[in-house]
Amino acid sequence: LVGSEMCIRDSLYAIRFMMRKILIFICFLLSSNISDAQNLIILAQQETKMYNQTWFYSGSGNSLQETKIKEYWNEDFYINSIAYTSKGWFVTMAKGLKWTNQSYSYKSSWPDEWIHEKKKAGYMITSLSSSNSNWMVVMSQNTDYNAQEICSAPWATQREWIKKWWNNDYYITSVTCRNGMWTVVMSKTSLYTDQTYMFSSTVDGIKEKIKIKWDEGYRIIAFEYGGGEYLCVMCKLANAKTPMQKYQINSSDINNFIKEIWNDSYDVIYVGG
């Protein structure tokens, strides 16, 4: 009996030990997923014609700073990029863009009717992002886009859809991922002559792929994280332009990074999250 009691007690200790290990592993997975979801990607480029650029963010979990956007709109700034990131809603605005009017929809549901109405008035989507609770769609007038198509689906479904519109001289111009579903905007435009995209589950992996395409004359136009992978969209620019670009993934010092690129005549052209 004593031996049986010891055996039972040892088994209980073993079970408890295994349960603790399982709980620690689950917590690790959850913390990894949270960390993965909280990305901040900043893409900068020279020769943009933008000036007086400004940027601000709401803080993780906070609502979009709509009052601040309106204040800058009143001073003739335009949103040139926006994303939901580890810093919350991260917005960059500037002067020098050719756009003449701008509007946005910030709602929990996809603003299909609003987009159609804006298109009729000559607006096109110039920036797109989403958090777990809201869509943010920015539309502007007097863009270089002549028409747009939108699709929301898993990337496996997107591949054939993208190829179809590539064949009709459309290019990916905006992209975001929400709950594993990628929303892609393709625009008919003469800004680009060729386009490609690549995925990687690691920072080092996506950096290596970007370097290869940079050397081939491609430039980044969209850079996002979703579904456990980084997605980078790159184009060859019209007139064989190859402006210098820099990017930062999860910078530990955003203020310093942006200050340095501004000093080197770069502007933030894209924020991804």
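Show the residue pairs that are 6+ apart or on different chains and have beta-carbon atoms under 6 Å apart, the first residue being within the stretch 129-154 and in contact (Cβ under 8 Å) with a residue 24 or more places away in the chain and within 17 Å of Lys119 (Cβ to Cβ), the second being open to solvent by 10 Å² or more (accessible area, probe 1.4 Å) and among the aromatic types (Phe, Trp, Tyr).
Going by the 6 Å Cβ cut-off, the qualifying pairs are Trp135/Trp110; Val138/Tyr104; Met139/Tyr123; Ser140/Trp99; Gln141/Tyr123; Asn142/Trp99; Glu149/Trp165; Cys151/Trp161.
May I ask you to list the residues in the stretch 129-162 that are open to solvent by 50 Å² or more (accessible area, probe 1.4 Å) and of a type outside the set (Gly, Ala, Ser)?
Passing the criteria: Asn132, Asn142, Asp144, Asn146, Glu149, Ile150, Pro154, Thr157, Arg159, Glu160.
Kindly establish whether Thr126 is touching a residue at least 24 places away in the same chain (Cβ under 8 Å), in a strand (DSSP E or B), surrounded by 15 or more Cβ atoms within 10 Å (Cβ to Cβ) and in contact with a strand residue (DSSP E or B) (Cβ under 9 Å, 6 or more places away or on another chain).
Criteria met by Thr126.
Can you pull out every residue in the stretch 166-224 that is surrounded by fewer than 16 Cβ atoms within 10 Å (Cβ to Cβ), free of Cβ contacts under 8 Å to residues at least 40 places away in the same chain and among the hydroxyl-bearing types (Ser, Thr, Tyr)?
Thr196, Ser201, Thr202
For the stretch 142-257, list the strands (runs of 3 or more DSSP E) that sit wholly inside it and hold at least 3 residues that are of a type in the set (A, V, I, L, M, F, W, C); which are they?
The qualifying strands (runs of 3 or more DSSP E) are 145-153, 170-178, 181-189, 219-226, 229-237.
Return the residues of the stretch 61-84 that are buried (at least 18 other Cβ atoms within 10 Å of the Cβ) and either under 17 Å from the mean Cα position of the chain (by Cα) or free of Cβ contacts under 8 Å to residues at least 60 places away in the same chain (or both); say none if nothing qualifies.
Leu64, Ile69, Tyr72, Phe77, Ile79, Asn80, Ser81, Ile82, Ala83, Tyr84
The values are calculated or read from the model by the stated rules, or taken from the named source; none is laboratory data. Just so it is clear, the structure is predicted and the values come from calculations on it, not from any experiment. As a convention, Cβ positions derive from the backbone with ideal geometry for all residues, glycine included, and neighbour counts pool all protein chains shown. When the accessible area is computed, the model is the full protein with side chains, heavy atoms only, and any ligands, DNA or RNA have been set aside. Shrake-Rupley method; radii C 1.70, N 1.55, O 1.52, S 1.80 Å.
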